[in-house]
Amino acid sequence: MDEGWKKDLSTNFSIIVKHVDDPDAVAEYLHYDCNPPVFTEEDVQWMKALDESTKNKTRKLLHKLTFKPNYPLVALYNAFKESGNTALRKCLVPHVESYYKAQKKDISKPIPDNKLPMTDQTWKEFHQVDAVTCQIDSAGLLKTYEDTNHNYKMTKETRGRAVIINNANFEEQKKRRHGSEKDVELLKKTLTQLHFDVKVYEDLTAVDIRKTLSEESQSDDLKSAECFILVVMSHGVISGINGTKDEVVKFDEFAKIFNPTKCTALKDKPKLFFFQSCRQKGEQGMDTSMEQRGRIQGVENNKDFLFSFATVEGFQSMCFDDTGAWFIQALCWVLKYDAHRLHILDMLTKVNALVSGMEEEGKSCYFVPECRGSLVKNVYFFPGVRGEPSSPLKNEKNGAVL
């Protein structure tokens, strides 16, 4: 990737230092309004704590940026754009264009051959891969992006909250879920690159799961969210998910916590739930009647939900110590390589095909994922695109969305 922008920053260093009025605001933009963030919270607080002149603070901000990867180029361009610094923005235009030309070249590369299930080496290689972004000058994409009658709106720099609950350690040590940390790593990077604010909770009891999600459902952050994602990874039974003490949170409960009467902030917004667990017959006197097994009441009574399961009822799911769960591998694979062109239901159909086609030591997979729900529109994530449908942010010269 072109790193000439660092030289360009150096060439225009004095101009930028002279014209930036509020380096603190630029630092805040680079943390709070960028996804993934360019600056950390510590970077922002460091900048605010500097008791120096505006010019000196700007010098130090630019110096810190030169140690970041290429993405700060676009972020700084947008920061100048948002603050009305037209002259400063023009300094970066040539290298912004170069960045997007390189990005388009990357987009044109074919999706690699299916390498699922992953070995330790292929997992490491895949983890380094970034999500493919949208072909941003495509007329078809812009038409889909603008069509909010048939597609949920997905336009903000941060689309919403993604909550991951990973239960790896249980009271009975023999039940430890080895490899789940790999799943968390894949999910965090993938969902962040789809423009979600990701929050991870580890090793929760059933009581803690209910409490945590109830608190999340009332978070002020959801008011500005366009979408909510929940991923729960644990042991499970037909009707629900196990806490770390083996007690069960029924699938009904997840839907009820986020139904529009209790979670008004997510009314008319897509709520996507993914469950990595087995779904075999329950223990401890669990009700496994057909009526109980077939219902997720919150989904049946309310729209805008999607539930995706690692396996159908009555079957185990596959997970390995060194590479994690097959379902999570396939889900992240499809989100990285297909979210720029497919909506979520088409992607989950592809996940089903990938998982059902996996083999281990010559043995074919004997289970397939399942999804059900009540979405009333298509969910496209539009990675790499932001801005109102009527006027998405574009590079003025070549139409690339910034």
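Nothing in this text is a laboratory measurement; each read-out follows from the coordinates by a stated rule. The model shown is predicted, which means the values in this text are computed figures rather than measured ones. A quick note on method: Cβ atoms are made from the backbone with ideal geometry, for glycine too, and the neighbour counts reach across all protein chains shown.
Structure summary
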| quantity | calculated |
| --- | --- |
| Extension gain, V200 back to E359 (0.36 nm per residue minus Cα-Cα distance, nm) | 54.2 nm |
| Packing-based ranking, highest mean first, of 325-336, 240-251, 49-60 given that Cβ atoms within 10 Å are counted | 325-336, 240-251, 49-60 |
| Charge tally in the Cβ shell below 9 Å around F196, where Lys, Arg are +1 and Asp, Glu are -1, F196 excluded | +1 |
| Theoretical FRET efficiency, 1/(1+(r/R0)^6), r = Cβ-Cβ of T40 and T122, R0 41 Å, to 0.05 | 0.85 |
| Convex hull of Cα atoms in region 140-180, direction-averaged projection (nm²) | 5.5 nm² |
| Under 5 Å, built H, 5+ apart or other chain: amide partners of R159 | F196, D197 |
| Set K250/K350; K57/K189; K143/K262; K90/K223; K153/K336 screened for pairs whose C-alpha atoms are more than 25 Å apart | K250/K350; K57/K189; K143/K262; K90/K223 |
| Electrostatic dipole magnitude of region 12-52 [Cβ: Lys, Arg +1; Asp, Glu -1; Cα centre; debye, to 20] | 200 debye |
| Computed E for N149/R176 - FRET, C-beta separation, R0 41 angstrom, nearest 0.05 | 0.30 |
| R0 of 22 Å, Cβ-Cβ distance T349-V129: FRET efficiency to nearest 0.05 | 0.50 |
| Which listed pairs, of K175/K281; K199/K271; K256/K377, have C-alpha distances above 19 Å, in listed order | K256/K377 |
| Packing rank of 312-322, 348-358, where each peptide gets the mean count of other beta carbons within 10 Å, highest leading | 348-358, 312-322 |
| Dipole magnitude of region 123-282, debye to nearest 20 (Cβ charges: Lys/Arg +1, Asp/Glu -1, about Cα centre) | 420 debye |
